[in-house]
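Visitor: The structure's right below; bear with me while I get my questions together.
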């Protein structure tokens with residue numbers, strides 16, 4: 001959904017089509033540098049705590065709860081944006097991880113020093129915060145990965161373990177990282 005912000009723009013330039021539906025809402029219009037965002041809180045499903053009609057045994061299903069919807073200045077840094085969300089929700093912004101969201105999946109981690117418009121925020125964009133147990137400060141060349149260990153005897157996955165990995169690490173380094181997290185030894189074979 002787009003908000004019409006330029007009242008001098010002709011209707012023909014607004015990309016309306018025949019029988020277009022227009023939603024009208026009372027409120028304060030957003031300004032030129034603002035976009036209306038929808039913010040969710042995301043958390044991993046915990047089968048030991050959360051009640052569900054099926055047993056998920058440590059899978060990475062995500063709970064999403066809508067927290068807030070409204071305009072934000074896209075020139076704000078991510079850090080300042082998290083502070084504003086903290087003021088609105090009462091949550092600690094230093095323990096927030098801001099992520100891009102699409103459908104029921106979480107994607108890119110938004111870095112505190114970047115501006116919101118570096119993440120292509122536009123009207124209707126959905127973002128999610130994850131509340132962390134400790135403050136984090138990932139580097140921009142790091143990739144967040146989720147690791148779950150498969151137990152073939154029990155047919156279960158362990159709960160998600162998240163860690164940051166440098167995007168430039170080679171597969172040997174990556175295997176060593178996964179081994180340290182999973183407890184599964186690395187076996188390197190040379191294929192000739």
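Visitor: Could you run through the range 98-117 and say how many residues are assigned to a helix (DSSP H, G or I) and surrounded by fewer than 16 Cβ atoms within 10 Å (Cβ to Cβ)?
Guide: 1
Visitor: Another question, if that's okay. How many residues, within the range 28-56, are modelled with pLDDT under 75 and surrounded by 10 or more Cβ atoms within 10 Å (Cβ to Cβ)?
Guide: 6
Visitor: Which one of 145, 177, 129 is in the same structural domain as residue 43 (by TED's automatic domain parsing), surrounded by 13 or more Cβ atoms within 10 Å (Cβ to Cβ) and in contact with a strand residue (DSSP E or B) (Cβ under 7 Å, 6 or more places away or on another chain)?
Guide: On the way: 145 fails: in the same structural domain as residue 43 (by TED's automatic domain parsing); 177 fails: in the same structural domain as residue 43 (by TED's automatic domain parsing).
Only one candidate qualifies: 129.
Visitor: Kindly list, by first and then second residue, each pair from a residue in the range 9-32 that is on the phi < 0 side of the Ramachandran plot to a residue that is exposed (fewer than 10 other Cβ atoms within 10 Å of the Cβ), limited to pairs with Cβ atoms under 7 Å and residues at least 6 apart or on different chains.
Guide: Going by the 7 Å Cβ cut-off, the qualifying pairs are 23/1.
Visitor: Something else now. Any residue in the range 128-135 that is in a strand (DSSP E or B), more than 15 Å from the chain's Cα centre (by Cα) and touching a residue at least 40 places away in the same chain (Cβ under 8 Å)? Break it down into steps so the answer makes sense when it comes.
Guide: Of the range 128-135, the ones in a strand (DSSP E or B) are 128-131.
Adding the requirement that they be more than 15 Å from the chain's Cα centre (by Cα) leaves none.
Looking through the range 128-135, none of the residues is in a strand (DSSP E or B), more than 15 Å from the chain's Cα centre (by Cα) and touching a residue at least 40 places away in the same chain (Cβ under 8 Å).
Visitor: Still on this structure, please answer the following. Determine whether residue 152 is more than 30 Å from residue 32 (Cα to Cα), touching a residue at least 40 places away in the same chain (Cβ under 8 Å) and not assigned by TED's automatic domain parsing to the domain that holds residue 45.
Guide: no
Visitor: OK, next. List every residue pair whose Cβ atoms lie under 6 Å apart, where the two residues are 6 or more positions apart in sequence or sit on different chains, the first residue falls within the range 91-118 and is assigned by TED's automatic domain parsing to the domain that holds residue 67 and in contact (Cβ under 8 Å) with a residue 24 or more places away in the chain, and the second residue, located anywhere, is buried (at least 20 other Cβ atoms within 10 Å of the Cβ) and assigned to a loop (DSSP other than H, G, I, E, B).
Guide: Matching pairs, first to second residue: 98/110; 116/74; 117/74.
Visitor: When the range 57-78 is examined, which residues are found to be within 20 Å of residue 103 (Cα to Cα) and modelled with pLDDT of 80 or more?
Guide: If the condition is that a residue be within 20 Å of residue 103 (Cα to Cα) and modelled with pLDDT of 80 or more, then 63, 64, 65, 66, 67, 68, 69, 70 are the ones that fit.
Visitor: Look through the range 156-173, keep the residues that are more than 23 Å from the chain's Cα centre (by Cα) and without any contact (Cβ under 8 Å) to a residue 60 or more places away in the chain, and return whichever of them is surrounded by the most Cβ atoms within 10 Å (Cβ to Cβ).
Guide: Within the range 156-173, the match that is surrounded by the most Cβ atoms within 10 Å (Cβ to Cβ) is 169.
Visitor: Suppose the filter is surrounded by 16 or more Cβ atoms within 10 Å (Cβ to Cβ) and closer than 30 Å to residue 70 by Cα; does residue 95 pass it?
Guide: Spelling it out, residue 95 is indeed surrounded by 16 or more Cβ atoms within 10 Å (Cβ to Cβ) and closer than 30 Å to residue 70 by Cα.
Visitor: Only one of (1) within 15 Å of the chain's Cα centre (by Cα); (2) loosely packed, with under 14 Cβ neighbours inside 10 Å is not met by residue 82, so which one is it?
Guide: With (1) within 15 Å of the chain's Cα centre (by Cα); (2) loosely packed, with under 14 Cβ neighbours inside 10 Å applied to residue 82, the lone miss is (2).
The values are calculated or read from the model by the stated rules, or taken from the named source; none is laboratory data. Keep in mind the model is a prediction, meaning the values are calculated, not measured. Because the Cβ atoms are built from the backbone with ideal geometry, glycine has one as well, and the counts that use them run over all protein chains shown.
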